[in-house]
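The values are calculated or read from the model by the stated rules, or taken from the named source; none is laboratory data. The shown structure was predicted, so the numbers you read here are calculated from the model rather than taken from an experiment. Glycine also receives a Cβ, built like all others from the backbone with ideal geometry; neighbour counts cover every protein chain displayed. We work out accessible area using only protein heavy atoms, side chains counted, and drop any ligands, DNA or RNA first. Shrake-Rupley method; radii C 1.70, N 1.55, O 1.52, S 1.80 Å.
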Amino acid sequence: MEMVKQRRLDWYLIGIAVLAAFLNFWGVWNDDTVNPYYTAAVTSMTENWSNFFYGALDPSGFVTVDKPPVALWLQTISALIFGIHGWSVILPQALAGVGSVLLLYFLVKPTFGKWAGRIAALVMATTPIAVAVSRTNNVDSILVFVLLLGAWALFKAVRKGKIGFLLLAFVLIGVGFNVKMLQAYMVVPAFLLFYLIAAKLNWKKKMLHLVIALVMMLGVSVSWAVVVDSTSADSRPYVGSSQTNSVLELAFGYNGMERLLGQETGTNSGGAGQGDGMPSSSNNNNIAPDASTESSQNGQSNSGQPPTPPSGSSSSDGGGMGGTPPSGNGGGGPGGQNGGGPQGGGSKMTGGTGMFGTGTAGPLRLFQTALGDQISWLLPMALFGMAAIFIANWSRKRRFFQWNTAQKEMAFWAAWLIPVAGFFSIAGFFHHYYLIMLAPAIAALTGAGFMALLHLFRKNKGVPGYLLPTTVIATTALQMFFIAQYSMLWMGVVGIIGLGLGTILFVIKRKQPSFTSWIAIASLIALLLAPTYWALTPMIYGGNSALPESGPQLKTSSGGGFADATVNEKLIAYLEKNSSGTEFLFGTTDASTAAPYIIKTGESVMALGGFNGTDPILTVKELKQMIKDGKIKYFYLPSNNKGSSSDVVTWIKKNGTEVDNSEWSSETTSTADATTSATTSENMQGGGGMQGGAGGQSGGTLYKLTGED
């Protein structure tokens, strides 16, 4: 009689998954509008099939958002099930974050063991930027989950020798392309390399399989784009953030090469846009028409900007890490001069160097304060771990190119890590939350690498045996550098613990094997403390839903310094009374101004220039025809002059009739919450939202359009 083998629950993994769920979910119900740019699209996509398919920003399907729609489809399905709320559009990303933690465990465990898988999962769960992104409706956490599913299929293809799994792996990369375009292709080198070195087939079959897989990947990648671009422009929305109304141009231009070489699209007129649901940092008055904002609970000033933080290296409460970096520190360090640390407090987006405070391009950029404390806390351990895995699995009985499974899987994660790290080291146009792409590789190499380091430490008398204490000391030193930007006190505490444990490992190596193992485990726990605290900060202080990031600076920047998506109630009342029968409630220059009104009213608001305010969507002739047909009657021109250099806006300013300010302006605003009910304009915790359409300052002009020259 055969005994059925029962699988025992891994309670460590369950605990890690619960921790990940807590970090990703807790408090998200306080975020009403999340990133209004995408929430407005979800609001519109629930209206009809066309909006759903194209990812339309507004209910009329005038323009799309600047991303393909797969992740937004998931958000819309969630909204259709649970209603349009902030938490319902966050739900798919939060679930994807937890799913990535579990996937990483099952990817690492078969070859490197349970403890390696558990450590990898724990590192992924507590990676600060991964948590920050998963708590918003930005799509990056879904992209990472899809790519990890692809990695799972790839490993299955190698272990089982079946081409079906290989094709699935590359199809999933194609799906990832339809989540966030070329960013998905960052892992292609790793997938190709791993199949070439690990599949037990002859070279001809390997190459044939990969060619077929790549063709399928490309086919899936461009499938939606080809359908959209092949559809008559009159029968679909304009492709937002493209200059030729083309998804393929968007994919390989604005969302492609410009990410590497620097942004060009949307920078040719006042108020350059930032992309990814982010407003212009150079114009902080892209606001609701004449909307004033009350001071928030989190200490935000009436101008909608964070209060000026104190200078110095510790917080004003005398020693916690809840403060801001010292002003004038330059964020230097390993990355070179002016490495991009946050200057004088506030969101990292507005501080440091680089286009978006992302540091100085160079080989050590990921170790600068501008980026490092979002992702690089355990990067030294991942790098040392790569070497340890290779050394621990080396055999003189094999030729130098004959690697075992552990070495091949190490090569896969290294091939994921190195090209992605290389991109972020030199790229000119990206945001902090893109760094989540590094999280799986760092987590996997940390988990597998730590166990290899521990193995060498226990067994090897030579130099490899001292890699573990060296790694602990090097990683501690980097963490001290990051923490020093906020608190010298906590830098000292972390330094004493980490450097002390590393020194003990050096001194007592091999003398007391069981005791040294406990010291090694304690050192790993110590190295996880700071990143775990950083991961908690979006929940503790409130996150920035438009530009997710983590860190103590969130305490004084009110969730990154973004106002909530507030609307002018008096303007809405005026327009609803006077725009009766029109297709658009009103028009405005850009999506950031339009989005809160779409969420609040559920009606169409024309974003004339798309997200950046610079898309060439309409000509003067076309606008005049729309006015003649009764589709639009009013146009709001915000005071930041975003997109004001276009011919259409120039014509509106010349020929439109200004509406007297007293008829539509108001000192009272309300938050455009996702349920479309009126709420106050308080800066809800975690609801950093988007600085477009939000209250903060008065300004702007409302025009009545007649269509006459």
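Numbers below:
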{"quantity": "Residue in segment 67-77 that is surrounded by fewer than 24 Cβ atoms within 10 Å (Cβ to Cβ), in a helix (DSSP H, G or I) and modelled with pLDDT under 95 present", "calculated": "no"}
{"quantity": "Test: residue in segment 425-436 that is under 27 Å from Lys156 (Cβ atoms) and open to solvent by less than 10 Å² (accessible area, probe 1.4 Å)", "calculated": "yes"}
{"quantity": "Candidate set: segment 110-131, residues that are hydrophobic (A, V, I, L, M, F, W, C) and under 17 Å from Ala392 (Cα atoms); chosen: the one least open to solvent (accessible area, probe 1.4 Å)", "calculated": "Ala116"}
{"quantity": "Filter result for Leu107 (out of contact with any strand residue (DSSP E or B) (no Cβ under 7 Å at 6 or more places or on another chain), open to solvent by 40 Å² or more (accessible area, probe 1.4 Å), touching a residue at least 24 places away in the same chain (Cβ under 8 Å) and part of a helix (DSSP H, G or I))", "calculated": "no"}
{"quantity": "Hey, Asp58 more than 30 Å from Met386 (Cα to Cα), touching a Gly at 6+ places or on another chain (Cβ under 6 Å), outside any helix (DSSP H, G or I) and not hydroxyl-bearing (Ser, Thr, Tyr) or not", "calculated": "no"}
{"quantity": "Answer residue from segment 10-55, given it is farther than 30 Å from Glu603 by Cβ and in a loop (DSSP other than H, G, I, E, B) and is most open to solvent (accessible area, probe 1.4 Å) among those", "calculated": "Trp26"}
{"quantity": "Subset of segment 603-629 (residues that are open to solvent by 30 Å² or more (accessible area, probe 1.4 Å), assigned to a loop (DSSP other than H, G, I, E, B) and touching a residue at least 40 places away in the same chain (Cβ under 8 Å))", "calculated": "Glu603, Pro616"}
{"quantity": "From Leu208, Leu193, residue being out of contact with any helix residue (DSSP H, G or I) (no Cβ under 8 Å at 6 or more places or on another chain) and assigned to a helix (DSSP H, G or I)", "calculated": "Leu208"}
{"quantity": "Test: residue in segment 138-154 that is touching a residue at least 40 places away in the same chain (Cβ under 8 Å) and more than 26 Å from the chain's Cα centre (by Cα)", "calculated": "no"}
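Let's see how each residue does on (1) outside any helix (DSSP H, G or I); (2) without any contact (Cβ under 8 Å) to a residue 24 or more places away in the chain; (3) over 29 Å from the mean Cα position of the chain (by Cα); (4) closer than 24 Å to Ala439 by Cβ:
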| position | (1), (2), (3), (4) |
| --- | --- |
| Tyr486 | yes, no, no, yes |
| Val494 | no, no, no, yes |
| Gly500 | no, yes, yes, no |
| Thr516 | no, no, yes, no |
| Ile521 | no, yes, yes, yes |
| Leu527 | no, no, no, yes |
| Ala530 | no, no, no, yes |
| Trp534 | no, no, no, yes |
| Thr537 | no, no, no, yes |
